[in-house]
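See below for the structure under consideration.
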Amino acid sequence: MNRIFWLASYPKSGNTWMRAFLSNYGSDAEQPVDINNLNYTLPVSDRQIFDEILSMDTGNLRQDELDYFRPSVYRRLAGKTQTQQSVFWKIHDAFQRLPDGEPIFPQDLTGGVVYIVRSPLDVAVSYAYHSGISIDQAINWMADREHGLFNLPVRLYQVHQRMLSWSEHVLSWTEQTDLPLIFTRYEDMTFNPLPTFTKVIEFVRAAYPDVMIDDMGRIERALRFSSFDELQKQEHKHGFVEKDQRAATFFRKGKVGDWRNRLTSEQVQRILNDHGAVMRQYGYLTESGEIVEFG
Amino acid sequence: MPGVRHYQFHGINLVSTTDLADIPFSTAPDDPSSVTIRVGDVPTSLPNATATNITYQVAQDQCLLTLPRIARYLVSGGREIVYHNAGDEQSAMLFLLYWAFPALLHQLGILPLYASAIETPQGAVVFCGAPGAGKSTIAAKLVQQGYHLLADDLVAVRLDDAGQPQVMSGSPTLHLWLRSLRQLGYTDKDISALQALRPGLFKYRLPVDAHSGFCDHPLPLARLYLVYPVDHQPPTTPPVSQRNALPTLLHHITHRQMAFEMGKMRQHWQTAAQIMSRVEVSFLTYRGYGFESDQLAPVVEQDLQAL
């Protein structure tokens, strides 16, 4: 049954870009896939999914009560979505377990995890813009182990997604051994796309049983059809249903290193203080603590 | 029978051994078709279940609903709800009225919608929408502006003898998230005086005056809105195409999967089709974040005047 691939990341780290790529790769059409209809992928935190499967208003459940049901809901959802059309499930949660030790993301369902990480310096800028908050507030959130999306008391059309701090989010996924995982950096997706996305395709090959995986032309076209310019163009033309209403656009700049134009030296220092150890571990800081340049 | 109380909820007379605090008292306590609500033994499973889901089982004329550490409910034949409380009473009551009771409505063939409703001079106006779309907030805003609340969180529609859809009266209470209360102008002090729907939940019971803010009788359905938050304002009310109207209504049936497994969807489909033949469905679009809810009432009023 292990056919679901989780696309996991902290917000604003390239998850939607990866979804657009995988959708275009699967569709292999003459035209780019519509960003408002990214087949092959499914944002599984939509509250309607939970309300429908549990046949109740899950807004009346506390977070621990809803979490208790999550593995069962995912199994049921996998049973309902028999086709390949929704094999990649997008999440922003940290990897977590229920009190009895069971992972919230069931092992028996999982083909693997594509985990995407992006420099917290750029995440802070993008997250602030996307959420309509100050950069200082975004930095606070990223250091807060209680932070989550659709957290109480504003929980609404998505279920609560507990994210922990940015560092803890990264470590929760990369240090767990229950689910096979490929680790992908946003910066490598940007500056080294072909080998980076090819590795992802090799990892998720079970999701495309009818496709020759060494079809480089197909990968290149999917990359072209999911380029930042293309995504931005589509959003400009038709809007994007997943955009937070507090932000003017979902696809803002997508640039690596934009933090240099936006963060004060104090803000940079705060992020380094909060996340320096994990940044060093994953190649965002040198051993001597210098910020790594990409590109 | 000593110790029993008589209530009326969505047109159904209830005889209960438990205090159903928010629910209006019945004006027909001797109704022989009253539904009984009582505490009692509830099995952990139904041996003759025809459908087993994560939170419930369905048998021929029974439905067993289970929330671990909260409560279990056995809903039988459209006549009785027996419950076993495994947690706090407030939570058990909330799920009894808004989770188990819709299952009973299905058994009776009454169409339950995940919606809110208000009274207008033209009749009942119902607001459907996705979770978090703003159904209760909009109803609350209109109640602030002098309209009467008909129901919140659950709206029951039945056809009268002439085939006219009638919207039943629920309880004089709105269920609102903290953010909605703030949008409606309630201060932290106001909110601290409200009771949470259940312990630990940032969703509150906002009572409306049972006499001056609540409609306690059924009303013909005049208009059905699909609440749809968007980026822009001011609010608009474009029609839902005839082709999409029926699927839209069916989509907002409470516990749709359960209804299907009870074999009730055909009957609901017929009710919904009848509704569609008599009532128009419109979107009600408004700016979801930081919306100026004051703008909603005039738009709805103008739309209704065209009926």
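Looking only at segment B:269-278, count how many residues are under 25 Å from B:Gly134 (Cβ atoms) and either surrounded by fewer than 22 Cβ atoms within 10 Å (Cβ to Cβ) or within 12 Å of another protein chain (Cβ to nearest Cβ) (or both).
Summing the residues that are under 25 Å from B:Gly134 (Cβ atoms) and either surrounded by fewer than 22 Cβ atoms within 10 Å (Cβ to Cβ) or within 12 Å of another protein chain (Cβ to nearest Cβ) (or both) in segment B:269-278 gives 1.
Within segment B:244-261, identify whether any single residue is under 29 Å from A:Ile49 (Cα atoms), more than 13 Å from every other protein chain (Cβ to nearest Cβ), touching an Asp or Glu at 6+ places or on another chain (Cβ under 8 Å) and modelled with pLDDT of 90 or more, and answer yes or no.
Checked segment B:244-261: no residue is under 29 Å from A:Ile49 (Cα atoms), more than 13 Å from every other protein chain (Cβ to nearest Cβ), touching an Asp or Glu at 6+ places or on another chain (Cβ under 8 Å) and modelled with pLDDT of 90 or more.
Kindly provide the set of residues from segment A:34-53 that are more than 9 Å from chain B (Cβ to nearest Cβ), aliphatic (A, V, I, L, M) and either free of Cβ contacts under 8 Å to residues at least 12 places away in the same chain or part of a helix (DSSP H, G or I) (or both), ordered by number.
Within segment A:34-53, A:Ile35, A:Ile49 meet the criteria.
Could you say whether any residue in segment B:112-129 is within 13 Å of chain A (Cβ to nearest Cβ), buried (at least 24 other Cβ atoms within 10 Å of the Cβ), more than 12 Å from the chain's Cα centre (by Cα) and not in a loop (DSSP other than H, G, I, E, B)?
No, that holds for no residue.
From B:Arg38, B:Arg72, which residue is more than 14 Å from chain A (Cβ to nearest Cβ), among the charged types (D, E, K, R) and touching a Ser or Thr at 6+ places or on another chain (Cβ under 9 Å)?
B:Arg38
Restricting to segment A:63-79, name every residue that is closer than 14 Å to A:Asp51 by Cα and small (Gly, Ala, Ser).
Result: A:Ser72, single match.
Within segment A:265-277, can one find any residue that is within 21 Å of the chain's Cα centre (by Cα) and assigned to a loop (DSSP other than H, G, I, E, B)?
Looking through segment A:265-277, none of the residues is within 21 Å of the chain's Cα centre (by Cα) and assigned to a loop (DSSP other than H, G, I, E, B).
Hey, can you tell me all the residues within segment B:192-228 that are of a type outside the set (A, V, I, L, M), within 14 Å of chain A (Cβ to nearest Cβ) and in contact with a Phe, Trp or Tyr (Cβ under 6 Å, 6 or more places away or on another chain)?
If the condition is that a residue be of a type outside the set (A, V, I, L, M), within 14 Å of chain A (Cβ to nearest Cβ) and in contact with a Phe, Trp or Tyr (Cβ under 6 Å, 6 or more places away or on another chain), then B:Lys203, B:Tyr228 are the ones that fit.
Please verify whether B:Ala140 is more than 18 Å from B:Thr254 (Cα to Cα), touching a residue at least 60 places away in the same chain (Cβ under 8 Å), away from chain A (no Cβ under 14 Å) and in contact with a strand residue (DSSP E or B) (Cβ under 8 Å, 6 or more places away or on another chain), treating the condition exactly as stated.
For B:Ala140, the condition - more than 18 Å from B:Thr254 (Cα to Cα), touching a residue at least 60 places away in the same chain (Cβ under 8 Å), away from chain A (no Cβ under 14 Å) and in contact with a strand residue (DSSP E or B) (Cβ under 8 Å, 6 or more places away or on another chain) - is met.
Looking only at residues that are in contact with a strand residue (DSSP E or B) (Cβ under 6 Å, 6 or more places away or on another chain) and not in a strand (DSSP E or B) in segment B:221-247, which one is nearest to B:Ile110 (Cα to Cα)?
B:Ala245
Might you let me know whether segment B:87-101 holds any residue that is under 17 Å from B:Leu65 (Cα atoms) and outside any helix (DSSP H, G or I)?
Yes, some residue in segment B:87-101 is under 17 Å from B:Leu65 (Cα atoms) and outside any helix (DSSP H, G or I).
Being closer than 25 Å to A:Glu146 by Cα and in contact with a helix residue (DSSP H, G or I) (Cβ under 7 Å, 6 or more places away or on another chain) is the filter here, so list the residues in segment A:1-43 that pass it.
Correct list: A:Leu7, A:Ala8, A:Ser9, A:Tyr10, A:Pro11, A:Lys12, A:Ser13, A:Gly14.
The values are calculated or read from the model by the stated rules, or taken from the named source; none is laboratory data. Predicted model only: the values in this text are computed from it and were never measured. Every residue, glycine as well, gets a Cβ built from its backbone with ideal geometry; the counts of neighbours run over all protein chains shown.
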